Structures are given as structure tokens and as C-alpha cells.
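Reviewing the structure listed below.
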Amino acid sequence: MKFVKKLAILLIITLLVFSACGGGGGGNKDDEPDDVNTNQKGIADEKDINGDGYADIAIGAIYYNYNESENKSDGRVYIYYGSSTGPGNTPSVIIESPVTGTDACFGRYVILDDFNNDGYDDIAVAAKNFYSNSGKVYIYYGSASGPGTTPDTVITQTSQYFPSSICSGDFNNDGYADLAMGNTNERKVYILNGGTAKIADCNLDSDTPDATCFVTGENPGSFLTAGDFDGDNDYDLAAADENDPKVYIFQGSTSGVSESATSINIGTNLISSLTTGDINNDGYDDLVAGSSSYSSSKGIVYVYHGSDSGLSGSADTTLEGINSGDRFGSSLSIGDINKDGYADLTVGAEEYKIGSDNGVGAVYLYKGSSSGINSTEWMHFYGKTASSYLGYAVTLCDVTGDGYQDLYVIAQGYDWDVAGPLQGRVYFFTGSSTSTPLSGSWYCNAEIQVD
């Protein structure tokens, strides 16, 4: 049986780890994109690093410089600047791992947000090193010339479980994006506040973070996202445990995130993904939770609407996968693909099977409206080959600047390195108002997985 070592990711797919970690960023909520900065596996989205008016993407390739005999890799991050015609054929910037030869897995999680509110979005990159029992998060600040390739900030903790996820959001409504980082072993989420000055280097073994959220469960902090669920302009933090059927909501305020939480119980189904965004355009962010293990891994997705009293206690919309084993809900992203004012939902089913071909993968699109997500599928597409695992990660962001959200999708197992162990491909589809709203032919290969 083939052993597959998977990445863990952005706004960003790894090349593909898109950056997608919890909500928004600095500034007013009305200025934020529909899809907030949630912890996605490897792709960072909807943020402008160099201030040219186009959203950029960052992709974490954690198996770059993979040493097959030692099962170690350094990792790197590819940055593609947006333009009116989409991303270029080659990366605009490549950021190498600051540490080599230790299985740094640099790029496991990547998010973009403006931590110092200077108009240029910054890059936070997680390196989760199992061998050295020490994880790190690096921050690279944006500028008109793009990010530097040497980290401006290094955050460290002596734990192989740090970080279990990362996300960002302006939790205290001061106009600066804040950084949240989970540690499943410590059962905590640590928050460092943004500000005019760059976030300082921090060792979480000894230094005190600006806030600490305590999450119950076996692996708390496995998934993080953020959004303004009650419309008070303070971003709230949503945290979930991959072995617990609850999402914990920590409310934001001008004094920061509350250390106590309310919870939403999705029954007996374990959570596999989270994302947030204002689907029905009512001024309140909504929460979407996926459970890809539901009903023999057929998969299910729950949508909870926000309101002035916060999130609804029971799901407003439920979407189910088609076949056992598809893992529908393995990835999620929200954004307005057809520019009708309502955010749409993309759902990955990374193990969708066609005939005898296992793991082809699929991505489904559902249309948003004033009443929420339409439960009737809008369109779908499948992977090219068996074991491609298309839909491992999905990210919506407007890279072309035309007002239509574009879609990036990772096919984690696409075998482009035929003679070697490396796998992974990222696809780009442009949004439009046509009856088939997504189309495109751009892709790039990256070191996302090894076989």
C-alpha cells in the first residue's frame, strides 16, 4: 500500500498551501474581502503584498529539498503577484526556509494580512518541525518592492504541536491585524497583537502573549478562523478540534479576545475544515464547518449565519456529499465568484472516486443569495487522474482585480515528478457572471506531497 505523507495548510494550496486562517485583517470590516484569512492548507489569499492594487497569492511547498533517505524537507514559499491577466508563469518571489536540514516543513501554513496597517499585506509562515520538537512562525513584512526574504519576526515554541494552525483578524478593532496560533498539546491559542511597530520576536516558552484562549477537547486549535459574527466590528475567533464535534467561539472586543468561549455542537461529526465570510450580505459574517468523516466519509458541510446576537445555534443550511469515501468538506472557501453581491461557497471532496479510479477528487460550487447558500449545486469539476486528490485545498480571491473572485485548487497528489517522489499541482480558474462561472488553464507544480 502506498504511503502518503500529507501537508498540513493561506490564502494559500501548496503549490500548495494557501493562506487561509481565520478572519479578515486590519481596518474596517467593510474593507475586508468576502473570504477572510482562514487557515487553509498552504495558500494565502485576497491580500496585496506589494500595494499594486491586485491581490497576491502565497503557496507553501513543504517538501521542497526533500531528503528521501531521511524523510526530511526544508520547504519554501512561492509568491505570485496578481495582475489584470492573473498570475505569471513563474513566482514573483521565492522565500526559502531560514532553517535547513532539520525537516523544517517551512510553508505548512501561510497567511497574508496587514499586521502594521501600512497598506502592504504581510506574510506569516509556519514551520512545524517534528524532529527538533520546536515549531516556528515567521513574519515577512510587505512593501512596494514586495517582502524581504529574511524574516522580520520569529515566534518560537518548544513543541512538536506548534503551530497546529494559524489565522489572523483584528480582534480588538484597533485597525491592525492580529495573529492567532494554535497548539493542540497545550490546548491553547496564542494571540499576538499587530501595531505600528512590527511584531517583536517571541518565545512562547517564556514570553507572555497578548492573549491566550483556552480550548477544551483532545486536539484544540486544530482549525482556526475569524470573522465578525455579531457585527460589532471586533473580529471573533472560531477554534475547533479535529477530534471534537464542537466549534468554540471566542468573542472579540476592544480589549481583545475573551478567554472563555461559547460553542456550537455539530452532533457526533468530527470537524475537518472551517471558513468564514458574509454569504447573505447582511453585514454579519457567517461560519461554515466541514466534516469530511461524516457517514462513512461521504462528508457534510454546515452553514451558520451571523446576527447581532452572534452565530445561529443550529445550521441554517446543510450540504451533503454524494458517495461514501468522497470526503466532501475536506476544504472550504467563500467569495463572490459572479459579482452579484453575495458570497459563494466552494467545497472540496479530495477523495472523490470515478469508476475504479480512487482519489480523483472533486470541487463543488454553491451559489450565495440573500437567504444564504443555495443547497443545489451550481457546478463542479473533477481531478485528472487517480490519486490526484483535487480539492485538498481551495481558495477564492480576486487576483485579476475585476471584481470576480477567482479560484485556486490544489491537487495534492498530482504526480508531476514521475521519476521522483514529489507530487502536487495548483490550478487557477477565473470567476465571471456566465452560467459556467469558472474557467481557466493556468497551473503550477509544487512540492506538496511525497509518495
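The values are calculated or read from the model by the stated rules, or taken from the named source; none is laboratory data. Worth saying up front: this structure is predicted, and the values here are computed from it rather than measured. Every residue, glycine as well, gets a Cβ built from its backbone with ideal geometry; the counts of neighbours run over all protein chains shown. What goes into the accessible areas is simple: the full protein's heavy atoms, side chains included, and nothing from ligands, DNA or RNA. Shrake-Rupley method; radii C 1.70, N 1.55, O 1.52, S 1.80 Å.
For the chain, the dipole from Cβ point charges (+1 on Lys and Arg, -1 on Asp and Glu) about the Cα centre works out to 1700 debye, to the nearest 20. Given a 1.4 Å probe and every protein chain left where it sits, what share in percent of the accessible area of the chain is carbon and sulfur? Taking all protein chains in place, the chain shows 43 percent carbon and sulfur surface.
Computed from the alpha carbon atoms alone, the convex hull of the chain holds 121 Å³ per residue. Find the accessible area per residue for the chain; the probe is 1.4 Å, ligands and nucleic acids are left out, and the unit is Å². Ligands and nucleic acids excluded, the result is 34 Å² per residue. Projecting the Cα atoms of THR262, PRO437, HIS305 onto the charge dipole of the chain, computed from C-beta unit charges around the Cα centre, puts PRO437 farthest toward the positive end.
Along the axis of the charge dipole computed for region 331-451 (Cβ charges of +1 for Lys and Arg, -1 for Asp and Glu, origin at the Cα centre), the listed residues VAL426, TRP378, VAL363 are led at the positive end by TRP378. A Förster distance of 45 Å, applied to the separation of the beta-carbon atoms of THR196 and GLU70, puts the FRET efficiency at 0.55. Is region 115-184 best put as rounded, prolate or oblate by its Cα gyration tensor, with a ≥ b ≥ c the root eigenvalues, rounded for a/c under 1.5, and otherwise prolate when a/b is larger than b/c, oblate when not? The shape class here is oblate.
Ratio to report: Rg/Rh of region 43-138, with Cα atoms as the point set and Rh obtained by the Kirkwood method; give two decimals. Write out the running numbers ahead of the final one.
Working: Rg = 14.3 Å, Rh = 13.8 Å.
That ratio equals 1.03.
Charges on Cβ only, +1 for Lys and Arg, -1 for Asp and Glu, centred on the Cα centroid of the chain; of THR212, ILE94, SER324, which one is farthest towards the dipole's positive end? Most positive-ward Cα: SER324.
Positive contributions from Lys and Arg (+1) and negative ones from Asp and Glu (-1), summed over other residues with Cβ under 11 Å from the Cβ of TYR64, come out at -2. Is the shape of region 304-388 best called rounded, prolate or oblate, per the rule: a/c under 1.5 gives rounded, else a/b larger than b/c gives prolate, else oblate, with a ≥ b ≥ c the square roots of the Cα gyration tensor eigenvalues? Taking the square roots of the gyration eigenvalues as a ≥ b ≥ c, region 304-388 is prolate. If the viscosity is 1.306 mPa s and the temperature 10 °C, what translational diffusion coefficient in µm²/s does Stokes-Einstein give for region 66-215 when Rh comes from Kirkwood over Cα pairs? The estimated diffusion coefficient comes to 100 µm²/s.
In terms of its C-alpha gyration tensor, region 143-202 comes out oblate, because a/c is 1.5 or above while a/b does not outweigh b/c. Only helices enter this figure: runs of n ≥ 4 DSSP H residues, each worth -39500 (n - 2.57), summed and divided by the residues of the chain, yield 0 deg cm²/dmol at 222 nm to the nearest 500. Given region 152-257, report the % of alpha carbon pairs whose separation exceeds 24 Å. Above the 24 Å cut-off, region 152-257 has 19 percent of its Cα pairs. Ordered from largest to smallest accessible area (heavy atoms of protein chains, 1.4 Å probe), the residues THR156, THR275, THR385 come out as THR385, THR156, THR275. Binning the alpha carbon pair distances of region 206-339 at 10 angstrom intervals from zero yields the distribution 13, 42, 33, 10, 1, expressed in whole percent.
Any of LYS128/LYS198; LYS246/LYS384; LYS72/LYS188; LYS47/LYS136; LYS128/LYS188 with alpha carbons more than 24 Å apart? Name them for me.
Details: LYS128/LYS198 22 Å; LYS246/LYS384 35 Å; LYS72/LYS188 28 Å; LYS47/LYS136 22 Å; LYS128/LYS188 16 Å.
The answer is LYS246/LYS384; LYS72/LYS188.
The Rg/Rh ratio for region 339-451, using Cα coordinates for both the radius of gyration and the Kirkwood hydrodynamic radius, is 1.01. Our summary of shape: the Cα atoms of region 107-152 have principal axis extents of 37, 16, 14 Å, ordered from largest down, in whole angstrom.
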